[in-house]
Amino acid sequence: MKIAIMGAGGIGGYVGGRLAEAGHEVHLIARGAHLAALRSDGLRVETPDGPLSIPDIHAAEDPAEIGPVDIIYFAVKLADTDAAAARLAPLLGPNTRVVTVQNGIDSKNIIAAHTGAERVSAGIIYMAANITAPGVISFLGGVQRMVFDGQGGNAVLAAFAEACNATGHLQAETTETPDMLVWQKFVGLSSFSAWTSAARLPSGALRTHPEARAMFRQLLEEAHAVALAVGHDLNPGVIDHTISLIDTQPPTMKSSLLVDIEAGKPNEAAWLSGRVHQLGQELGVPTPGHSALWSILAPWADGPPGPA
Ligand SMILES: NC(=O)C1=CN([C@@H]2O[C@H](COP(=O)(O)OP(=O)(O)OC[C@H]3O[C@@H](n4cnc5c(N)ncnc54)[C@H](OP(=O)(O)O)[C@@H]3O)[C@@H](O)[C@H]2O)C=CC1
Ligand SMILES: CC(C)(CO)C(=O)C(=O)O
């Protein structure tokens, strides 16, 4: 398949690298020092099973250099979504689909405003990866699973899921109920990311602490109540499911939000815990835990606060 990766960071760089390794025509869209390194030295992905190196990966800044593709795998941070989606036109052919597994509940609508809703397949990804140096992605190991909208058996999306599975690393499936999955992840991740980021601690140090553990459940309950108020009839089992998921992951696990804060980067808190707080206010659903943690995280949303 011909695949463009819009945003070749932790997620996009890893997924693009695996698909290129499997022989697909993958074009990474990047910028700045990362683009320069991709062009001069290629892509390097560090994994617990050893490094993956693709010296001749295609890397471009301008989508017009690439032309129409089968799949646009859309993986910029949420704050960059509108600007990046506005640049997709040269990549669109008659059957092109845009797969977004970005966190939060907003990316589908933002992208659709530029491409038309029929092209956008939204979903979720469970994996942890980040850029550790220009041209270098680090995958920490563990789960690497994505699920995205199959749009009633769309052939391009089905072929993309098959291509991912055939890498022997990525696990992909399509679903006909993507909103349910996106909201389930939103409930879990808005809570997990605020919990780990406000404490500046990985999950292991929090999940064994009784008060911190109780706060995680409270955050999940609040986000679940917001989802119900919006009209997403999520099973309350999502709360225990998320807790047991976190309990079975390595104790060193951090949210991508905490990784960004520690790296001094802008972060997605406004789209996660901040969004739970905002929806709670609008819908009259109490969210005291999220509101408190969002007030702690908000000054860091655009990067480290300046001097007082
Ligand atoms: N990382 C993770 O473990 C997980 C992330 N996610 C979600 O996946 C999405 C992507 O996250 P992640 O991979 O961490 O993000 P990264 O910040 O690692 O990568 C995004 C990349 O996109 C680049 N970019 C942004 N805008 C443009 C543009 N207009 N043109 C070219 N390049 C651009 C960024 O460049 P620059 O650095 O210059 O801004 C950066 O290199 C997010 O929504 C995140 O929540 C979901 C699950 C886990
Ligand atoms: C918790 C995790 C790593 C699960 O994929 C995630 O989605 C994130 O931190 O953004």
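The values are calculated or read from the model by the stated rules, or taken from the named source; none is laboratory data. It should be emphasised that the depicted structure is a prediction, and the values quoted were computed from it without experimental measurement. Note that each Cβ is placed from the backbone with ideal geometry, even for glycine, and that neighbours are counted across all protein chains shown. For accessibility, only protein heavy atoms count, side chains too; no ligands or nucleic acids. Shrake-Rupley method; radii C 1.70, N 1.55, O 1.52, S 1.80 Å.
Taking 300, 183 and ordering them by how much accessible surface each has at a 1.4 Å probe, largest first, produces 300, 183.
Of 46, 211, 21, the residue with the largest accessible area leads and the full order is 211, 21, 46 (1.4 Å probe).
Between residue 143 and residue 214, take the C-beta separation as r, use R0 = 41 Å, and let me know the FRET efficiency to the nearest 0.05. Could the numbers behind the result be given before it?
Working: r = 26 Å, r/R0 = 0.63.
Efficiency at R0 = 41 Å is approximately 0.95.
The heavy atoms of residue 44 present about 90 square angstrom of accessible area, all protein chains included, probe 1.4 Å. Taking the three principal axes of the alpha carbon atoms in region 2-176, the coordinate ranges are 38, 31, 28 Å, sorted in descending order. Only beta bridges with both residues in region 2-176 are counted; by DSSP, about 30 percent of them are antiparallel. From the square roots a ≥ b ≥ c of the eigenvalues of the alpha-carbon gyration tensor of region 237-308, which class results: rounded (a/c under 1.5), prolate (a/b over b/c), or oblate? Oblate, because a/c is 1.5 or more while a/b does not exceed b/c.
On the beta carbon distance between residue 79 and residue 113, with R0 = 22 Å, the FRET formula returns roughly 0.90. Within the straight-line cut-off of under 21 Å between alpha carbons, the lysines reachable from residue 265 are 77, 254, sequence neighbours fewer than 8 places apart in one chain being disregarded.
Rounded, prolate or oblate: pick one for region 128-277, where a ≥ b ≥ c are the square roots of the eigenvalues of its C-alpha gyration tensor, a/c under 1.5 means rounded, and failing that, prolate if a/b is larger than b/c, else oblate. Here region 128-277 falls in the oblate category. Rolled with a 1.4 Å probe across the full set of protein chains, the surface gives residue 138 an accessible area near 20 Å². Ligands, DNA and RNA left out, the accessible area of the chain computed with a 1.4 Å probe is 54% carbon and sulfur.
What fraction of the DSSP beta bridges in the chain is antiparallel, stated in percent and rounded to the nearest 5? Can you show the working numbers first?
Details: 11 of 39 bridges.
Bridges in the chain that DSSP calls antiparallel: roughly 30 percent.
Of the whole protein surface, residue 87 contributes about 90 Å² of accessible area at a 1.4 Å probe radius. Placing a pseudo-label 7 Å from each Cα along the Cα-to-Cβ vector at residue 176 and residue 25 gives an inter-label distance of 3.3 nm. Across the chain, the mean sequence separation of Cα contacts (distance under 8 Å, 6 or more residues apart), normalised by length, yields a relative contact order of 15 percent. Per-residue ellipticity at 222 nm, computed for the chain from helices alone with -39500 (n - 2.57) per DSSP H run of at least four residues, works out to -13500 deg cm²/dmol. Gyration tensor over the Cα atoms of the chain: the corresponding equivalent ellipsoid has semi-axes (square roots of 5 times the eigenvalues, largest first) of 31, 22, 19 Å.
Using the alpha-carbon centroid of each, what span in Å lies between region 163-184 and region 221-276? That distance is 19 Å. Among 242, 287, 208, the residue with the largest mean-square fluctuation in a Gaussian network model of the chain, with springs joining Cα atoms closer than 10 Å, is 208. Taking amide H as placed 1.01 Å from N in the peptide plane, residue 120 has its amide H under 5 Å from the amide H of 98, each at least 5 places away in sequence or on another chain.
By the rule of a C-alpha distance below 19 Å, with chain neighbours fewer than 8 residues away ignored, the aspartates and glutamates paired with residue 108 are 70, 80, 82, 118, 149, 173, 176, 179, 268.
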